[in-house]
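Throughout, read-outs are computed from the coordinates displayed, never taken from laboratory work. This structure is a prediction, so every number in the text was calculated from the model and none was measured. Quick reminder, even Gly has a Cβ in these numbers, built from the backbone with ideal geometry, and neighbours come from all protein chains shown.
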Ligand SMILES: CC(C)(COP(=O)(O)OP(=O)(O)OC[C@H]1O[C@@H](n2cnc3c(N)ncnc32)[C@H](O)[C@@H]1OP(=O)(O)O)[C@@H](O)C(=O)NCCC(=O)NCCS
């Protein structure tokens, strides 16, 4: 568990692990249609194990699952990728809802927990989401949490076979009410 397992009334956040392979792959398969063309998740065991490898070094990336508190069902995933310390203290978000649990507010609650975790426990300064201009569901999700639009980055990411323009949406720790915490030890004093 992260956030000491506190979660919200409906969801908790935990790290993805080897034991999630069967459920994750099954959910990714049934969700592939709703994820296309924005995201593709591992739909075989082999791809899942490769995906898990990304999170082998928790200093570089964290793979988190939003789970329904009552049932333990995985509602979606949110990863904090490309964590850079020093003067940046930044992470890059990737997320998707699994179709059976989508559109119920679970991802929104999960993202709220991720913000607390990233800013209070990981002590990052900034989280960024790169979103294609037509991905209205994703833009609504980050807007709801107060992310601000920073501009359009042409040909930023290779998605669905081509380099796609992305909007950059970001939030800094000071933009989240009630976030407390010391700066990370790798932040220079000046
Ligand atoms: C972007 C994405 C993760 C959002 O997931 P989601 O399940 O719609 O998000 P939420 O869990 O926050 O649900 C929000 C919706 O549930 C509704 N809802 C229903 N019951 C609710 C409740 N009890 N509490 C809050 N919201 C509720 C909200 O009204 C909201 O609808 P709206 O967006 O039309 O206003 C999802 O659309 C997705 O996986 N997209 C494909 C992958 C993708 O694009 N990833 C991001 C790439 S940048």
The chain: calculated mean residue ellipticity at 222 nm from DSSP helix runs of at least 4, using -39500 (n - 2.57) | -7000 deg cm²/dmol
May I ask you to compute the full-extension gain from residue 81 to residue 149, defined as 0.36 nm times their residue separation minus their alpha-carbon distance, rounded to one decimal in nm?
-> 22.5 nm
For the chain the mean separation of alpha carbon contacts under 8 Å (6+ apart) over residue count, i.e. relative contact order in percent, is 19 percent
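Give me Rg over Rh for segment 146-190, both radii from the alpha carbons and Rh done the Kirkwood way, two decimal places. Spell out each step's value before the answer.
Details: Rg = 15.8 Å, Rh = 13.5 Å.
Rg/Rh for segment 146-190 comes to 1.17.
Ordered by packing density, taken as the mean number of other Cβ atoms within 10 Å over each peptide's residues, highest first, how do 92-103, 128-139, 31-42 rank?
On the way: 92-103: 19.1, 128-139: 16.9, 31-42: 15.2.
Highest to lowest by the protection proxy: 92-103, 128-139, 31-42.
At a 10 angstrom cut-off on C-beta neighbours, averaged per residue, how do the peptides 111-122, 10-21 rank from highest to lowest? Numbers along the way, then the final one.
On the way: 111-122: 20.6, 10-21: 16.7.
Peptide ranking by packing, descending: 111-122, 10-21.
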Sorted by mean Cβ packing within 10 Å, highest first, what order do the peptides 168-176, 143-151 take?
-> 168-176, 143-151
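Based only on Cα atoms, what mean projected area does the convex hull of the chain have, in nm²?
On the way: hull surface 43.5 nm².
Across all orientations, the chain yields a mean hull projection of 10.9 nm².
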So how much slack lies between residue 50 and residue 179, counting 0.36 nm per residue of separation and subtracting their Cα-Cα distance, in nm?
-> 43.1 nm
What percent do you get for the relative contact order of segment 118-176 when only Cα pairs under 8 Å and 6+ apart count?
-> 42 percent
